Amino acid sequence: MSPKNGPENEEIRARPRHPGGGGRRGRYRPRGRQVDPQALDAVRAVLGDAPRRRDLLIEHLHLIQDRFGHLSAAHLAALAAEMRLPQTEVYEVATFYAHFDVVKEGETAPPEITVRVCDSLTCSLHGAESLITALEGELPDHARVVPAPCMGRCQSAPVAEVGHNMIDRASAARVQDAVGRRAVKPQVPDYEDLQGYRAGGGYQLLDSCRKGEHDPEAIIAALEESGLRGLGGAGFPAGRKWRFVLAEPNPRLLAVNADEGEPGTFKDRHFLETAPHRVLEGMLIAAWAIEAQEVYFYLRDEYPAVREILRAEFAALEEAGLTSGVTLHLRRGAGAYVCGEESAMLESIEGKRGLPRHKPPFPAQVGLFGRPTLSHNVETLYWIRDIVERGPDWFSTQGRAGHPGPRSFSVSGRVREPGVKIAPAGISVRELIDDYCGGMADGHSFKAYLPGGASGGILPASMADIPLDFGTLEEHGCFIGSAAVIILSDQDSIRAAVQNLMRFFEDESCGQCTPCRAGTEKASKLLAQPNWDQALLTELSAAMADASICGLGQAAPNPLLCAFKYFADEIKT
């Protein structure tokens, strides 16, 4: 008997073989993290009969977190198995978005309630840092406090979110009371529902379009004549965008961008919380015009009340037969400012990390799921009914000095009456303050303003008579963007404002490209120094503006460069 066949080797021969075969002894279990049967049962129970499609990954992550308060390693592994995805793919998506609490093995799960306090510029002006300090160590064990970027409620600063319950003009006492009562559900405001909207003539235009009383060419021509542009920030002519999409073959899709994450912007939330069907009718008219049979409505996670409104009204539209073969999909963001960029939004709708795409091809050619896609901002859709029913001349003559249309300005900061102000395009910030906001807040003198949110730059009060519209601010190193106007006073520091804005961009950079990822981090560190190295920061800003993939990195230096240009004396120590 040969040695290898001897009795001393009987135990070795009896061991399980490696599943790869080959007769070699192998591991007793497969590589990688194994799926816990209990976690898999729990995930299946949460998902129910929901489809396990790849594009629903973020939606499923929300369902699990809403149920358990966090995403454990066991649940992520179980979800990956259930959706037949690599665990690494599920993990990288879950860790990309700020609102997902991923708990690694051995880590302690977060408390039951998370209190988010906005620390973006307007809330910072109104004491956000003091509120965070007051809450730290004072909340019960079942709650924690974390700083958060803009929540789109700047007119009510400072703002806190207890679970999914927003607290305007938050104080430590009000937050603690909500935590104690476990008041974590969103409070839905009064709004015009489907019945009320139809009573005022709503959806008659959509019906006439579907009956052939209008044709797509006539609607597009009206949009072009009116001068309507994309009002999410880019300002691309709306009618021209429809033509680009129509030039591409079917099937075509429509994506609605309701991810207004620019600090200072809250107009889209205003429309959706007051008159959602005016937006939804514009959406359905756009879908009819481009022959889109599916519409994806992407809503930022910071708007839980709007999410409840849209769920109810989508169902009402379907029940009333107004969707007419168009399938509506409501998709929920998860805390990523970059997803306001249209291609990053498309990636997120597909269930991926919100990384901006290289262009070309443009979304009108290769968009959502590789199909030609029309993407529109909420406010752009809001005006479609008025333009068609009242005529393009009505819209185009609403502005001043050749600037077409009314604009919705989100005004916050040191004014007496902040809020959404529908005013003529081309109005000046001085007129906005005096005629629409009741003047400056008591005890404050006008010092400076941001005409276009965090990325739109900063101008001094001496330049308060520039018309606010596309193309009027660029020569001064600024832009209107989504018309988020933040007013600063003599009691505010330009240095502190610039530092706050750069920290925001550092936190929100998606990390895909080095100029933005490393540039915002380096700029934030340089701005924390007592003396700002203007030459180095200017060189760094040029690299970010020239080489970043998307507008986040390209526009992040704008407030800093404006500070050098217009506030040189103040930013010196």
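The values are calculated or read from the model by the stated rules, or taken from the named source; none is laboratory data. In this text the structure is predicted, and so the values were computed from the model without any measurement. All Cβ positions, even for glycine, are placed from backbone atoms using ideal geometry, and neighbour counts span all protein chains on display. We work out accessible area using only protein heavy atoms, side chains counted, and drop any ligands, DNA or RNA first. Shrake-Rupley method; radii C 1.70, N 1.55, O 1.52, S 1.80 Å.
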Problem - Among (1) more than 24 Å from the chain's Cα centre (by Cα); (2) surrounded by 24 or more Cβ atoms within 10 Å (Cβ to Cβ); (3) of a type in the set (S, T, Y), the one test that S462 misses - result: (2)
Problem - From the options D49, D41, D55, D66, residue that is among the charged types (D, E, K, R), assigned to a loop (DSSP other than H, G, I, E, B) and at pLDDT 95 or above - result: D49
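Go through the stretch 500-511 and report how many residues are open to solvent by less than 40 Å² (accessible area, probe 1.4 Å) and part of a helix (DSSP H, G or I). Let's see the steps before the verdict.
Step one: of the stretch 500-511, the residues open to solvent by less than 40 Å² (accessible area, probe 1.4 Å) are 500-502, 504-505, 508-511.
Those still in the list that are part of a helix (DSSP H, G or I) too: 500-502, 504-505, 508.
Number of matching residues: 6.
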Problem - Any pair with Cβ under 7 angstrom, 6 or more apart, that starts in the stretch 77-101 at a residue that is without any contact (Cβ under 8 Å) to a residue 24 or more places away in the chain and ends at one that is open to solvent by less than 50 Å² (accessible area, probe 1.4 Å) and outside any helix (DSSP H, G or I) - result: T95/V102
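Each row is one residue, and each column tells you yes or no for (1) among the hydroxyl-bearing types (S, T, Y); (2) within 18 Å of T265 (Cα to Cα); (3) part of a loop (DSSP other than H, G, I, E, B).
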{"site": "S410", "(1), (2), (3)": "yes, yes, no"}
{"site": "A423", "(1), (2), (3)": "no, yes, no"}
{"site": "E431", "(1), (2), (3)": "no, no, no"}
{"site": "D435", "(1), (2), (3)": "no, no, no"}
{"site": "G443", "(1), (2), (3)": "no, no, yes"}
{"site": "G457", "(1), (2), (3)": "no, yes, yes"}
{"site": "D465", "(1), (2), (3)": "no, no, yes"}
{"site": "D469", "(1), (2), (3)": "no, yes, yes"}
Completion exercise
A316 vs (1) touching a strand residue (DSSP E or B) at 6+ places or on another chain (Cβ under 8 Å); (2) modelled with pLDDT of 95 or more; (3) over 28 Å from A425 (Cβ atoms): all pass except (1)
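Give me the residue from the stretch 261-284 that is among the acidic types (D, E) and touching a strand residue (DSSP E or B) at 6+ places or on another chain (Cβ under 8 Å) and, out of that set, least open to solvent (accessible area, probe 1.4 Å). Before the answer, list the steps.
Kept after step one, since they are among the acidic types (D, E), are these residues of the stretch 261-284: 262, 268, 273, 281.
If we keep only those that are touching a strand residue (DSSP E or B) at 6+ places or on another chain (Cβ under 8 Å) as well, we get 262, 268.
Numbers: E262: 23, D268: 3 Å².
Per the stated criteria, the residue is D268.
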Problem - Residue check for A81: over 28 Å from the mean Cα position of the chain (by Cα), modelled with pLDDT of 95 or more and open to solvent by less than 90 Å² (accessible area, probe 1.4 Å) - result: yes
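Can we say A287 is modelled with pLDDT of 95 or more, surrounded by fewer than 24 Cβ atoms within 10 Å (Cβ to Cβ) and not in a strand (DSSP E or B)?
Working: modelled with pLDDT of 95 or more: yes; surrounded by fewer than 24 Cβ atoms within 10 Å (Cβ to Cβ): no; not in a strand (DSSP E or B): yes.
When the stated conditions are applied, A287 does not pass them.
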Practice task
Would you check if there is a residue in the stretch 298-307 being among the β-branched types (V, I, T) and touching a Gly at 6+ places or on another chain (Cβ under 7 Å)?
Solution key: no
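I'm trying to understand the selection: among the residues of the stretch 75-105, which are closer than 26 Å to A148 by Cβ and either touching a Cys at 6+ places or on another chain (Cβ under 9 Å) or assigned to a loop (DSSP other than H, G, I, E, B) (or both)? Let's see the steps before the verdict.
Going through the stretch 75-105, the residues closer than 26 Å to A148 by Cβ turn out to be 75-76, 79, 90-104.
Listed by number, the residues that qualify are F96, Y97, A98, H99, F100, D101, K104.
Determine if the stretch 350-362 includes at least one residue that is open to solvent by 10 Å² or more (accessible area, probe 1.4 Å) and touching a strand residue (DSSP E or B) at 6+ places or on another chain (Cβ under 8 Å).
Here is the first cut: in the stretch 350-362, the residues open to solvent by 10 Å² or more (accessible area, probe 1.4 Å) are 350, 352-353, 355, 357-362.
Among the residues that remain, those that are also touching a strand residue (DSSP E or B) at 6+ places or on another chain (Cβ under 8 Å) are: none.
The answer is no; no qualifying residue exists.
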Practice task
Confirm whether L253 is part of a helix (DSSP H, G or I) and touching a strand residue (DSSP E or B) at 6+ places or on another chain (Cβ under 9 Å).
Solution key: no
Fill in the blank from the handout: In the stretch 220-240, anything surrounded by fewer than 24 Cβ atoms within 10 Å (Cβ to Cβ) and not aliphatic (A, V, I, L, M) is listed as E224, E225, G227, R229, G230, G235, F236, P237, G239, R240
Practice task
Within the stretch 526-548, identify whether any single residue is part of a loop (DSSP other than H, G, I, E, B), farther than 25 Å from G235 by Cα, open to solvent by less than 50 Å² (accessible area, probe 1.4 Å) and not aromatic (F, W, Y), and answer yes or no.
Solution key: no
Exercise for the section: Within the stretch 483-499, track down each residue that is open to solvent by less than 10 Å² (accessible area, probe 1.4 Å) and under 22 Å from V338 (Cα atoms). Expected result: A483, A484, V485, I486, A497, V498
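For the stretch 467-476, enumerate the residues that are touching a helix residue (DSSP H, G or I) at 6+ places or on another chain (Cβ under 8 Å) and either closer than 27 Å to H126 by Cα or of a type in the set (S, T, N, Q) (or both). Give the derivation first.
Applying the first criterion (touching a helix residue (DSSP H, G or I) at 6+ places or on another chain (Cβ under 8 Å)) to the stretch 467-476 yields 468, 476.
L468, the sole residue that qualifies.
Across the stretch 373-405, what is the total count of residues that are assigned to a loop (DSSP other than H, G, I, E, B), open to solvent by 10 Å² or more (accessible area, probe 1.4 Å) and in contact (Cβ under 8 Å) with a residue 24 or more places away in the chain?
Within the stretch 373-405, residues that are assigned to a loop (DSSP other than H, G, I, E, B), open to solvent by 10 Å² or more (accessible area, probe 1.4 Å) and in contact (Cβ under 8 Å) with a residue 24 or more places away in the chain number 9.
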Handout entry: Failed item in (1) open to solvent by 20 Å² or more (accessible area, probe 1.4 Å); (2) in contact with a strand residue (DSSP E or B) (Cβ under 6 Å, 6 or more places away or on another chain); (3) touching a residue at least 40 places away in the same chain (Cβ under 8 Å), with R331 passing the rest
Key = (1)
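Condition first: aliphatic (A, V, I, L, M), open to solvent by less than 50 Å² (accessible area, probe 1.4 Å) and under 26 Å from the mean Cα position of the chain (by Cα). Now tell me which residues in the stretch 406-431 satisfy that. Full working, then the answer.
Filtering the stretch 406-431 for residues aliphatic (A, V, I, L, M) gives 411, 415, 420, 422-423, 425, 427, 429.
Filter once more, keeping what is open to solvent by less than 50 Å² (accessible area, probe 1.4 Å): 411, 415, 420, 423, 425, 427, 429.
V411, V415, V420, A423, A425, V429 - these are the residues of the stretch 406-431 that are aliphatic (A, V, I, L, M), open to solvent by less than 50 Å² (accessible area, probe 1.4 Å) and under 26 Å from the mean Cα position of the chain (by Cα).
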Problem - Filter result for the condition that a residue is more than 25 Å from C118 (Cα to Cα) and either modelled with pLDDT of 95 or more or touching a helix residue (DSSP H, G or I) at 6+ places or on another chain (Cβ under 6 Å) (or both), over G399, G405, G335 - result: G405
Fill in the blank from the handout: Scanning the stretch 549-573 residue by residue, those out of contact with any Ser or Thr (no Cβ under 8 Å at 6 or more places or on another chain) and part of a loop (DSSP other than H, G, I, E, B) turn out to be I549, F567, K572, T573
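In this structure, is F244 open to solvent by 60 Å² or more (accessible area, probe 1.4 Å) and under 20 Å from the mean Cα position of the chain (by Cα)? Before you say what the answer is, go through the steps one by one.
Details: open to solvent by 60 Å² or more (accessible area, probe 1.4 Å): yes; under 20 Å from the mean Cα position of the chain (by Cα): no.
So F244 does not fit the description; no.
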